[in-house]
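Structure, as structure tokens:
Throughout, read-outs are computed from the coordinates displayed, never taken from laboratory work. These numbers come from a predicted model, not from an experiment. Every residue, glycine among them, receives a Cβ derived from its backbone with ideal geometry; neighbour counts consider all protein chains shown.
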Amino acid sequence: MLINPVMGIDLGTTNSAVCLWQDGKAVLIPNKWGEILTPSVVGLDEQDNLIIGRPARERLQTHPSLTQGSFKRYMGTEALLTLGSRQFRAEELSALLLRQLKEDAEHWLGQPLSQAIITVPAYFNDVQRRAVKNAARLAGLEALRLLNEPTAASLAFGLLDNREQKYLTFDLGGGTFDVSIIDMFEGVVEVRASSGDVRLGGDDFSQAIVQWMLSQQPELKTAQATLAAQLLAKAEIMKQTLSHASEAKASLEWNGRQWNWTLTEEQLTACCQPLLARLQRPVQQALHDARFSLQDLDHIVLVGGATRMPLVRQTVARLFGRFPRHDLNPDEAVALGAGVQAGMVMADAAVEDIILTDVMPFSLGIEVVKRHGNQVEPGFFLPLIERNTFLPVSKNETLNTVSDNQTCVLLKIYQGEGRRVQDNVFLGEMSIDVPPRAAGEMSIDVRFTYTLDGLLEVECRYDGSPTVARTVIEKVPGQMSEEQIAASLRKLTDIKQHPRDRQENRELLARCSRLYERLLGDERAWVDGLTTAFEQALESQDLRRIAAVREEAENVLRQYESGTLQ
């Protein structure tokens, strides 16, 4: 039994995974299907039963109104996503997924779990990061730390190839793209710079193929909304086929006619060219911020499922003038790194000599005014903590009043890189009363402190004041309020499943039914008795009894299905 175990969770756009630190190493945890990757898909069946992961993904095409995937892209927004007659925020759908991952890990480990390291795209802003923490809270988890995805992958890679080196982690997942530059020396994994695009991932390549399909068959554009799920599924298959073949074919039956496509590597390159171009800017930005050149890098490390595409690998090779490394499974590297971080949090001796440093993905600052002669123009952004500053960090700036006899200073706090505040993300505000003086005579000290946990504390004090005004930025536009969180907890509790409604139990009953239909005589009666025993166990809601009967039934079914039962 582990003492105070901590999970490492890769909460991905397309797939998610769980890792635990056990016996001095990171161990990837299989879900109830025996698979490491759990599709990040949530849905409801026709009886309003919750389904998560693989069975939900299989219904994305057939039941699009009852299924949601790629909801990670909406984290930190007030967008409502529909499942049948219900509506959910992205945090709530993520919470349902996290709850399932938690249950799978608890079942595997045999003990309760309540704490986790959760990975996020490096370029997630403060609002999006807080949304992830709220999702964890709704799932009954305490997010001890949010770890940047490329940083997590770098941890996993650093332990695999433990020596002094400088490398760039190129992380292209289903919905987000991150770049981090790592300097590893004497047991220190130092993130020198991060950049990325939270609206660029494998999903966008699939959508580009869908647009190409419609351009080839313009008549289908009128039915695009009706056929959206089917077209996307066909595009996904063609994208995967082109990972190992020079062309991919697809066909679709609709309106009494068959529609056909043949996509070549050249055509894929052409329709995805705008996306490939977008991969370059974050790379150049990270190199500039880290003050590295391409020649300084020992390796380029590929992470994320979308880097399996030959098109992406060729683009990376051309961009860097060398072949990238893909030693680790790109779908599992982030989860493995989260598991390593979990071991560090648990203070395991195997990783006690590893030090991880990380950086601010965005600049943080306040709104200031500029004076042009006698004119004052507001709306300008003054960074106090610039992007890619090492964490934790505390920075101070001294400002002056701009009006005669000014009695109050309003600090508006923003995150971003825009010269004007309107181009950045508003995080919050605070006000401080000041004695009336002539313009410019009253100075105000403003201090920003940003922690590893992603909390921003703002302190403000005018010259000569014995007291300091403080605020911790917690409630921002797009973030759930305490009342909303409480309401969501009640809503998610309402859709807890009866054991008979759980997907693994319903699938076992379906297998029993199929076997019953195949058999005759005594064998059929025997399967009927086995099914009845399992149904009675389900109605008892005794989890131990259910598990025992299910294991017995699965063993028998496995032997029947493999033809080994004597």
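General observations
- Ranked list, fewest to most other Cβ atoms within 10 Å of each Cβ, for His63, His107: His107, His63
- The convex hull around the C-alpha trace of the chain, projected and averaged over every direction, spans 33.0 square nanometres.
- Percentage relative contact order, the chain, counting C-alpha pairs under 8 Å, at least six apart: 13 percent
- Prolate/oblate/rounded call for the range 202-275, Cα gyration tensor, a/c under 1.5 rounded: prolate
- Contact order, relative form, for the range 1-108: 22 percent (alpha carbon pairs under 8 Å, 6 or more residues apart, mean separation divided by residue count).
- Prolate/oblate/rounded label for the range 364-473 (Cα gyration tensor, a/c 1.5): oblate
- Charge dipole of the range 364-473 about the Cα centre (unit charges at C-beta), most positive-ward option of Thr471, Asn374, Thr398: Asn374
- Förster-model FRET efficiency, 35 Å R0, Thr226 and His326, C-beta, rounded to 0.05: 0.35
- Positive-end extreme of charge dipole, the range 170-216 - chosen from Gly187, Gln207, Phe170 (charges on Cβ): Gln207
- Among Ile385, Leu109, Ser65 - extreme Cα towards positive end, dipole of the chain, charges at beta-carbon: Ser65
- For the range 499-562, relative contact order (Cα pairs under 8 Å, six or more residues apart, normalised by length) works out to 36 percent.
- Counting other Cβ atoms within 10 Å as a rough exposure proxy, the listed residues Met360, Met213 run Met360, Met213 from fewest neighbours to most.
- Ranked for footprinting exposure by Cβ neighbours inside 10 Å, fewest first, Lys133, Lys72, Lys32 give Lys32, Lys133, Lys72.
- Under the convention that each Lys and Arg Cβ holds +1 and each Asp and Glu Cβ holds -1, the size of the dipole of the range 364-473 around its Cα centre is about 140 debye.
- Its Cα centre serving as origin, the range 499-562 has a Cβ charge dipole (Lys and Arg +1, Asp and Glu -1) of approximately 140 debye.
- For the chain, a simple Cβ point-charge model (Lys and Arg +1, Asp and Glu -1, everything else neutral) yields a dipole of about 1060 debye relative to the Cα centre.
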